[in-house]
Structures are given as C-alpha cells and as structure tokens.
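Here is the structure we will look at, set down as structure tokens.
The values are calculated or read from the model by the stated rules, or taken from the named source; none is laboratory data. Values in this document were obtained by computation on a predicted structure and should not be read as measured data. Using ideal geometry, Cβ is built from the backbone for each residue, glycine included, and neighbour counts are taken over all protein chains shown.
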C-alpha cells in the first residue's frame with residue numbers, strides 16, 4: 001500500500017494543473033448552486049470522475065487522472081454510486097430519525113423524568129449510530145470497488161460478498177480508512193488556513209480545491225485495494241511492496257518444473 005503516492009500522484013500528470021482547475025471549478029459551482037439543489041449534479045459528476053480515477057489505478061493506466069471528457073457518463077456513474085451509498089446509510093437514518101423524534105416529543109412534554117428519558121434516548125441513538133457509522137465507513141472501500149466492476153447499482157449492494165471481502169482484508173481496509181479520515185482532516189485544515197491567509201477570499205478556491213484533493217486521495221487508495229478483488233488479497237500488497245506475485249505462484253512453479261524436466265524430442269531420420 002503506497003500511502004504517500006495517494007497524496008502526490010496527481011502531480012505526475014503533465015496536465016494536472018488544468019485537470020485539477022476544472023475539478024475545482026465544478027465543485028465551486030456546485031457549492032454555489034447547492035441551495036437550489038442544482039449543485040448536486042456537480043458533486044455526482046466529480047464522484048463519477050473519481051470512479052474512473054480508481055479504475056485507472058486498479059488497471060495500471062497512465063496518466064492516472066482521467067480527462068474531463070465524459071460529463072454525461074460521470075454524472076450517471078456518480079449518481080449510481082450515490083444511490084448505493086444512500087442505501088447502505090439507511091440503517092443509520094432509520095435508527096437515528098425515530099429515536100430523535102420520540103426524544104423531542106418526550107422532551108417537549110415537560111417534567112424532570114420526561115427530560116431525563118429524552119436525554120437517555122438521545123445518548124442511546126448516538127451510541128448506536130456511532131457503531132453503525134464505523135461499520136458503514138469500513139465497508140465503503142468494498143462498496144466502491146465492487147460497484148466499479150460493472151458500474152451497476154446491484155454490484156454495490158452485494159451484501160454477503162462485500163461483507164466477506166471486508167473481513168478478509170480488514171487490515172488493509174482499516175489502514176486505508178484511517179489514512180483517509182486523517183488525511184481528509186489535514187487537507188481540509190490546510191485548505192482553510194490557506195484561504196484565510198489569502199485574505200479570506202481565497203476560501204472560495206481553497207475549500208473546493210481541498211475537497212477535490214480529498215477525492216483524489218480516497219479513490220486512489222481504493223484503487224490500490226481494488227486488485228485484491230481479483231487477486232484474492234495478495235495483489236494489492238504485492239503492488240505496494242514490490243512483490244512479484246506471478247513468480248511465486250503455484251502455476252509459475254509448476255511451469256518452471258516442467259521446463260526443467262522437458263526433454264526435446266529426437267528426430268528419427
């Protein structure tokens with residue numbers, strides 16, 4: 001797992017400034033238009049672009065940063081991925097919403113006992129949602145990776161397959177999740193500070209730029225994990241550690257043995 005490259009890979013592209021400027025502009029426009037809900041279209045496009053980025057990492061395509069030339073397709077795949085993520089988030093919503101509603105109703109009823117019960121319900125909802133939220137975060141790599149195989153909503157909702165794969169690669173998944181969460185906080189903080197230094201007006205650029213870089217990092221990390229889907233788990237570790245999996249595979253060993261035992265046929269004249 002090459003964590004450092006997930007933070008710097010995009011600068012290897014000769015046109016990374018142009019591509020990053022386009023992505024930043026899309027996110028900026030989306031943020032400005034989010035009040036009238038039109039802005040969500042831009043976020044879907046960037047999500048779809050991120051899926052293509054992840055596929056490039058997975059398939060070893062260079063340059064890793066895709067061109068901004070599939071606006072309609074990116075919108076479609078981004079919306080599908082959003083639907084998948086929303087379905088997976090439903091348990092959290094279904095837990096929090098009813099409990100919070102009951103808590104508010106009970107709290108408004110007045111009385112010390114009622115208020116205490118309302119607080120207890122809120123705490124329970126918070127604890128449960130926290131646990132479910134951790135599980136949701138940990139399955140995100142698998143959800144995104146499996147969705148990217150065929151870009152179908154059903155691919156991202158294979159509960160048993162996603163759960164089994166996440167358990168089998170829990171070590172790598174935890175590392176990627178921690179790196180993503182910590183990296184996101186650092187990038188967002190740096191972007192905010194840079195925007196303030198640039199007379200506050202700079203926030204207009206640095207905030208969407210930070211969001212885009214976070215997308216870059218997230219999908220690149222997922223792309224490094226993606227080969228483990230087809231390779232049974234050893235592929236992604238081999239990529240990061242320079243291990244030649246093919247040379248250590250049983251098939252390669254058998255081939256070498258057959259090559260050693262091979263005797264050329266004799267030509268009878």
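Among the residues of the range 32-45, just one is touching a residue at least 24 places away in the same chain (Cβ under 8 Å) and out of contact with any helix residue (DSSP H, G or I) (no Cβ under 6 Å at 6 or more places or on another chain), namely 41. The helices (runs of 4 or more DSSP H) falling completely within the range 162-269 that include 2 or more residues that are surrounded by 13 or more Cβ atoms within 10 Å (Cβ to Cβ) and at pLDDT 85 or above map to 170-197, 203-225. Residues that are within 19 Å of residue 188 (Cβ to Cβ) and crowded, with 18+ Cβ neighbours inside 10 Å within the range 10-38 comprise 10, 20, 23, 24, 26, 27, 28, 30, listed in sequence order.
State yes or no: is residue 138 under 27 Å from residue 40 (Cβ atoms), in contact (Cβ under 8 Å) with a residue 40 or more places away in the chain and in a helix (DSSP H, G or I)? So residue 138 fails the test. The residues of the range 57-71 that are within 28 Å of residue 159 (Cβ to Cβ) and touching a helix residue (DSSP H, G or I) at 6+ places or on another chain (Cβ under 7 Å), listed by number, are 57, 58. Which ones in the range 141-161 are under 17 Å from residue 219 (Cα atoms) and not in a loop (DSSP other than H, G, I, E, B)? The answer is 141, 142, 143, 144, 145, 146, 147, 148, 149, 150, 156. Kindly check whether there is at least one residue in the range 96-107 that is at pLDDT 80 or above, in contact with a helix residue (DSSP H, G or I) (Cβ under 7 Å, 6 or more places away or on another chain), part of a helix (DSSP H, G or I) and surrounded by fewer than 18 Cβ atoms within 10 Å (Cβ to Cβ). Among the residues of the range 96-107, not one is at pLDDT 80 or above, in contact with a helix residue (DSSP H, G or I) (Cβ under 7 Å, 6 or more places away or on another chain), part of a helix (DSSP H, G or I) and surrounded by fewer than 18 Cβ atoms within 10 Å (Cβ to Cβ), which makes the answer no. Of the helices (runs of 4 or more DSSP H) contained entirely in the range 1-62, those carrying at least 2 residues that are farther than 26 Å from residue 179 by Cα fall at 16-33, 40-59. When residue 74 is tested against (1) touching a helix residue (DSSP H, G or I) at 6+ places or on another chain (Cβ under 7 Å); (2) closer than 15 Å to residue 208 by Cβ, just one condition goes unmet, and that condition is (2). Scanning the range 46-74 for residues that are over 20 Å from residue 12 (Cβ atoms) and over 15 Å from the mean Cα position of the chain (by Cα) gives 70, 71, 72, 73, 74.
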